[in-house]
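The values are calculated or read from the model by the stated rules, or taken from the named source; none is laboratory data. What you see is a predicted model; the values in this text were computed from it and never measured. Reconstructed Cβ throughout: ideal geometry from the backbone, glycine too, with neighbour counts over all protein chains shown. In case anyone asks, the SASA skips ligands and DNA or RNA and just uses the protein heavy atoms, side chains included. Shrake-Rupley method; radii C 1.70, N 1.55, O 1.52, S 1.80 Å.
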Amino acid sequence: MLLLVAWGLVATRATSQFFPDPLAISQAFVDTWVGPAFVEDVLPSLYRLGLGVAASIVLGVAAGTVIGLAHWLRELLEPLLEFLRAIPPPVLIPVAMLLLGITDTMKVVVVVSGAVWPILLNTIEGVRATDSVMTETATSFRVTWWERLRFLVLPAASPRIMAGVRQALSVALILMVISEMFASSSGLGYRIAYFQRNYLIAEMWSGILLLGLVGVLLAVAFGLVERRVLRWYHGIREVNRA
């Protein structure tokens with residue numbers, strides 16, 4: 001609240017048209033996003049974001065589990081993974097446009113190209129960190145490979161996997177906006193860039209505000225899912241603290 005008040009005071013004294021006051025931004029927010037723009041721009045962006053995050057989770061967890069379990073495969077792929085991870089995902093947008101065209105698939109691929117890495121690397125480390133005593137116990141009791149994976153490896157790695165997903169959400173949101181700014185006719189990134197090019201400053205700030213709200217909602221939703229998925233983990237930590 002104090003920040004908004006300070007912003008309003010500074011904006012009333014500022015002479016630059018690029019620094020509108022909070023009331024102007026709030027009015028632009030209502031006029032811009034409460035209506036057809038929500039269906040034409042916000043929903044397509046959320047759809048691409050959701051597909052990109054879902055694909056990143058599936059690919060990251062599956063590949064990370066396989067690589068984490070196979071020591072020889074991990075040693076073989078480590079240089080390649082380090083090389084691919086070092087490539088900034090935005091530079092792949094022109095390549096994706098050439099290969100896939102200006103489509104939703106291209107935008108989802110760009111999101112996955114960046115969001116998959118936190119999940120993949122955290123899954124590998126989580127699988128590698130599975131308790132050796134529990135692994136040997138499962139082997140001595142002749143627990144099947146599938147049961148070991150389902151009831152031992154994945155639960156043990158789940159705290160790190162969820163940490164990777166948390167990082168991937170912020171990366172995915174950034175890449176979603178960037179991909180829409182480069183090549184799109186709809187979406188939050190496209191609309192914000194359109195406002196900027198046409199000097200609709202209050203509307204541009206309202207789009208940035210909307211992106212912040214989307215980020216907050218993603219964080220809240222993730223927190224609810226994390227508490228449910230890792231209920232056993234948080235319970236153990238509370239017992240240990242007691």
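Is it the case that some residue within the stretch 117-132 is within 15 Å of Val66 (Cα to Cα), under 17 Å from the mean Cα position of the chain (by Cα) and not hydrophobic (A, V, I, L, M, F, W, C)? For the stretch 117-132, residues within 15 Å of Val66 (Cα to Cα), under 17 Å from the mean Cα position of the chain (by Cα) and not hydrophobic (A, V, I, L, M, F, W, C): present.
Screening the stretch 30-84 for residues that are of a type in the set (Ser, Thr, Tyr) and buried (at least 17 other Cβ atoms within 10 Å of the Cβ) and picking the one that is farthest from Ile161 (Cα to Cα) gives Thr32.
Among the residues making up the stretch 66-99, those that are assigned to a helix (DSSP H, G or I), within 22 Å of the chain's Cα centre (by Cα) and closer than 21 Å to Arg48 by Cβ are Pro89, Pro90, Val91, Leu92, Ile93, Pro94, Val95, Ala96, Met97. Listed here are the helices (runs of 4 or more DSSP H) enclosed by the stretch 143-215 that have at least 3 residues being aliphatic (A, V, I, L, M): 154-182, 188-197. Across the stretch 198-225, the qualifying residues are those that are among the small types (Gly, Ala, Ser) and over 13 Å from the mean Cα position of the chain (by Cα), and the one among them that is most open to solvent (accessible area, probe 1.4 Å) is Gly212. Can you name the condition, by its number, that Asp131 falls short on among (1) under 30 Å from Asp31 (Cβ atoms); (2) open to solvent by 50 Å² or more (accessible area, probe 1.4 Å); (3) of a type outside the set (S, T, N, Q); (4) without any contact (Cβ under 8 Å) to a residue 60 or more places away in the chain? (1) is the only condition that Asp131 fails.
Every condition in (1) modelled with pLDDT of 90 or more; (2) of a type in the set (Ser, Thr, Tyr); (3) more than 16 Å from the chain's Cα centre (by Cα) holds for Ser170 except the one numbered (3).
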